[in-house]
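First up is the structure itself, then whatever we jot down about it.
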Amino acid sequence: MLYYLGRFIMWFAVKVHFKSISVFGSQNIPAGKPVIIISNHSASFLDAILLGVSLKRQLYYYARSDVFKSGPAHRLMKAIHMIPIYNMEHSKDDLHRNVETFDEGEKALARKKMLVIFPEGISRQERILLPLKKGTARVAVHAAAQQGFDMGLEIIPIGINYSFHRFRADVTLTVGESTPISSYQETHIQNPNKAISAITRDIEKKFADTVIFVSQANRTEMINQLLVYFKNDFEKDNRYLKSTSLIKQEKEICSIVSAMDDTEANVVEQQVLQYSKQLKESGIDDQEVIGNNGSVPVKLLGIFLGIPIAVGAIPALPIVFLAKWIGDKTVTRKDFYTSVTVSAGGFAFFFYWILCFIIIAFSGGKYLLYLVLSMPICMYLFFHWIELLQSVGSYLRLMTMRKQNTRLYEELKSSRQSFSFWRNRTKQEISMRNESV
């Protein structure tokens with residue numbers, strides 16, 4: 001019961017926090033079979049939350065044992081399907097208890113459940129990929145061996161790719177190709193350790209196909225900005241959008257950036273920083289600069305029709321500031337910040353909403369009751385309404401710049417071109433595809 005309540009609350013919280021949440025390849029997850037999900041880990045327990053609300057099936061998670069220390073916390077974690085795993089850093093004296101941990105995970109798999117493991121081991125915001133630990137393969141092989149390798153167990157990678165770790169960012173979940181454990185039965189019979197190594201090697205390659213990353217951690221901020229600008233170009237060119245996969249192209253951009261020497265990377269980074277600074281100082285959005293701004297009259301209509309929604313969201317806005325305040329006061333690690341603010345905001349809003357409903361229901365305020373009931377949908381739509389306002393404002397500022405300061409306008413356009421190294425390559429690829437058809 002608590003699992004489903006938490007899932008419902010967090011579903012609403014992430015829908016408000018993120019501008020968009022996209023899931024690709026969900027058809028790769030079989031129904032009614034035991035599955036081990038492996039995922040990258042860049043936002044602490046927000047990664048687990050996103051998997052829980054985005055996938056249809058129930059999930060069980062291996063989680064750091066230090067969050068289970070107190071009795072109430074232990075019961076809560078168990079209720080939401082968390083299984084403690086012990087390591088040298090947090091639970092040196094309890095390492096022997098991992099026997100219980102693996103046994104509990106295997107029991108979940110025997111019941112044809114889905115078990116989530118973060119095989120890189122640690123959470124970090126740098127857009128890099130760490131070597132996979134062998135624990136996933138060990139759990140899979142041992143669980144399959146207990147059932148004679150005929151349980152249908154599969155390991156499936158899911159890449160969680162955030163545009164940024166901040167409010168109103170975009171996030172994409174990419175479900176990769178599965179690895180059936182039954183195909184390693186013969187290898188396991190001959191040499192169990194060899195089977196574990198083979199599984200780890202195979203899932204590592206499939207895992208890498210789902211994650212957008214660079215080879216150098218210090219290029220994370222640059223690639224984050226570049227991917228946003230690339231995606232804007234990608235969406236603008238409809239022919240290109242229909243002809244190729246976005247994640248494939250994003251990974252190619254990452255490969256190009258990874259292959260740059262330090263001198264070239266520094267030049268591109270400075271160009272990106274200069275352009276981003278120009279956008280911030282002028283209050284103009286990149287989509288306006290490249291002409292991917294949509295219909296202004298339609299946006300104006302949306303703003304006008306959305307005024308009642310904005311009014312309906314006002315009573316709930318203090319919760320947003322409360323969540324930020326909690327994050328600012330309690331978080332010491334940056335990879336925990338969004339996890340704390342999203343979960344704190346989600347639960348605070350839920351209980352605030354229930355309290356408002358009870359007070360208004362007993363006070364007999366019929367019209368206020370309608371307002372309270374509509375608060376969640378108003379809260380969800382409010383930030384889209386704000387983004388319409390910002391888009392129209394950005395368009396008007398760009399048009400004003402174009403008329404009153406042509407030099408600055410042209411400089412902005414030129415800055416955008418300076419680092420967009422994918423544009424000529426994109427056009428050449430489209431031309432080659434058209435010629436081959």
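The values are calculated or read from the model by the stated rules, or taken from the named source; none is laboratory data. Computed from a predicted structure; not experimentally measured. Accessible surface is based on the protein model in full, side chains and every heavy atom, while ligands, DNA and RNA are left aside. Shrake-Rupley method; radii C 1.70, N 1.55, O 1.52, S 1.80 Å.
Which whole-number value in Å² is the accessible area per residue of the chain, probe 1.4 Å?
52 Å²
Roughly to the nearest percent, how much of the accessible area of the chain is carbon and sulfur, given a 1.4 Å probe?
59 percent
How much accessible surface does Val214 have with a 1.4 Å probe, in Å² rounded to 10?
So the heavy atoms of Val214 present about 0 Å² to solvent.
Using a 1.4 angstrom probe on the protein heavy atoms only, could you order Phe349, Phe118 from most to least accessible area?
Descending accessible area places them as Phe118, Phe349.
What percent of all Cα-Cα pairs in the range 1-63 falls into each 5 Å bin, going from 0 up to the bin containing the maximum distance?
Cα pair-distance distribution for the range 1-63, in percent: 3, 14, 28, 26, 22, 7, 1.
Going through the cross-link list Lys56/Lys206; Lys206/Lys277; Lys56/Lys251, which pairs have a Cα-Cα distance over 30 Å in this structure?
Values: Lys56/Lys206 22 Å; Lys206/Lys277 37 Å; Lys56/Lys251 27 Å.
Long pairs (Cα-Cα over 30 Å): Lys206/Lys277.
Determine the alpha carbon to alpha carbon distance for each of Lys231/Lys280; Lys236/Lys324; Lys113/Lys133; Lys15/Lys299 and list only those over 25 Å.
Correct reply: Lys236/Lys324.
So what is the orientation-averaged projected area of the chain, using the convex hull of its C-alpha atoms, in nm²?
26.6 nm²
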